Amino acid sequence: MKKKNIVLLLALLWSMQLWGQRNSAYESYIHKYKELAIEEMQRYRIPASITLAQGLLESGAGNSLLARKSNNHFGIKCGSAWDGASVRHTDDAPNECFRAYKHPKESYEDHSKFLATRPRYSFLFNLSLTDYKGWARGLKRAGYATDPRYADKLIGIIETYELHIFDTKHGKNKRGKEGEFFHQPYLANDLVYIIARPGDTFKILSKELGISRKKLAKYNELPKKHTFSGGEIVYLETKRNRATPEYIIHKVKPEDSMYSIAQTYGIKLKRLYKMNEMDETEGIPPVGTIMRLR
């Protein structure tokens, strides 16, 4: 197909969306990835409608070269901190570096982490989960895309395909009003965590996050009935065997414990003991001791 015809076809498809006529390729994409978007919403507090609309727009409903060859559904570029697989693709400039994934699920997870851990997007998490228009305009204002009509396109997709129903049907927080008690997600050792509030339990957090009490307790190496005093790090996925390369050692401070060090750097407690040739029955070494983290 000639380039001119391709451009005309794309324009026609987009005009169909603007006038509320549905595209079967978009509907297939929504059916395939809606549950994944809902799961990400429950873990990171990003509206499923926004995630789906961005995936649809950025990947051309999964048909873009980046999506087909590299499973990159959100057009996320490498950035200086990315050390995973990558591909070269022309976008705003020739031969730019984009992230590559083994499976679309990894792309969805990375999209959530990308928004949740960058300061320029932090204001979005003050919005209601049902405020998809605020999220769309906020993403544009924060510089997610250079297209001046980016927000309008997201909103058009959400309303044409009624994606906003996914934000309310599965996203309500059972602890209170929708969105009121959500914990802000953060990132350490490429792991997502939240900061516990006084009185939090794994049962409470499980209802909010959509992760079982058993898994949360296992991730954080604590009893299932543990009650938090507030300020503790709570990981939402399995901790790693070592810290990231920028954290090689830790100097023991008066307030430290072996567990607090493990939580700070996202390391499994048993691995921390093993790296430092310590028995698990031993307490924290003397203040000033240098401990290995990798």
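The values are calculated or read from the model by the stated rules, or taken from the named source; none is laboratory data. Nothing here was measured: the structure is a model prediction, and the numbers come from that model. Backbone-built Cβ (ideal geometry, glycine too); neighbour counts: all protein chains shown. These area figures cover heavy atoms from the full protein model, side chains too; ligands, DNA and RNA do not enter into them. Shrake-Rupley method; radii C 1.70, N 1.55, O 1.52, S 1.80 Å.
Distance between the pseudo-spin-label points of Arg68 and Val87 (7 Å out from Cα toward the beta carbon): 1.0 nm.
A Cβ-based charge dipole, computed about the Cα centre of segment 95-162 with Lys and Arg at +1 and Asp and Glu at -1, lands at about 240 debye. Take every Cα pair under 8 Å whose residues are at least 6 apart in sequence, average their separation, divide by the length of segment 55-156, and the relative contact order is 18 percent. So if the hydrodynamic radius of the chain is defined as the Kirkwood radius over C-alpha pairs, what does Stokes-Einstein give as its diffusion coefficient at 20 °C and 1.002 mPa s, in µm² per second? Rounded to a whole number, D works out at 102 µm²/s.
Order of 152-159, 215-222 by packing, highest average Cβ count within 10 Å first? Show your work: numbers first, answer last.
Working: 152-159: 20.5, 215-222: 18.0.
Answer by packing, highest mean first, reads 152-159, 215-222.
Calculated FRET efficiency, Glu280 to Lys225, Cβ-Cβ distance, R0 = 22 Å: about 0.50 to the nearest 0.05. Across the alpha-carbon set of segment 67-170, the Rg to Rh ratio works out to 0.97, Rh being the Kirkwood radius.
Computed per residue of the chain from DSSP H runs no shorter than four, each worth -39500 (n - 2.57), the mean residue ellipticity at 222 nm is -12500 deg cm²/dmol.
Grab the Cα-Cα distance for Phe114 and Lys268, subtract it from 0.36 nm times how many residues apart they are, and report the gain in nm with one decimal.
53.0 nm
Using a simple spin-label model with pseudo-atoms 7 Å out from Cα toward Cβ, Asn126 and Lys218 lie 3.9 nm apart. Probing with 1.4 Å while keeping every protein chain in the model, the per residue accessible area of segment 43-123 equals 44 Å².
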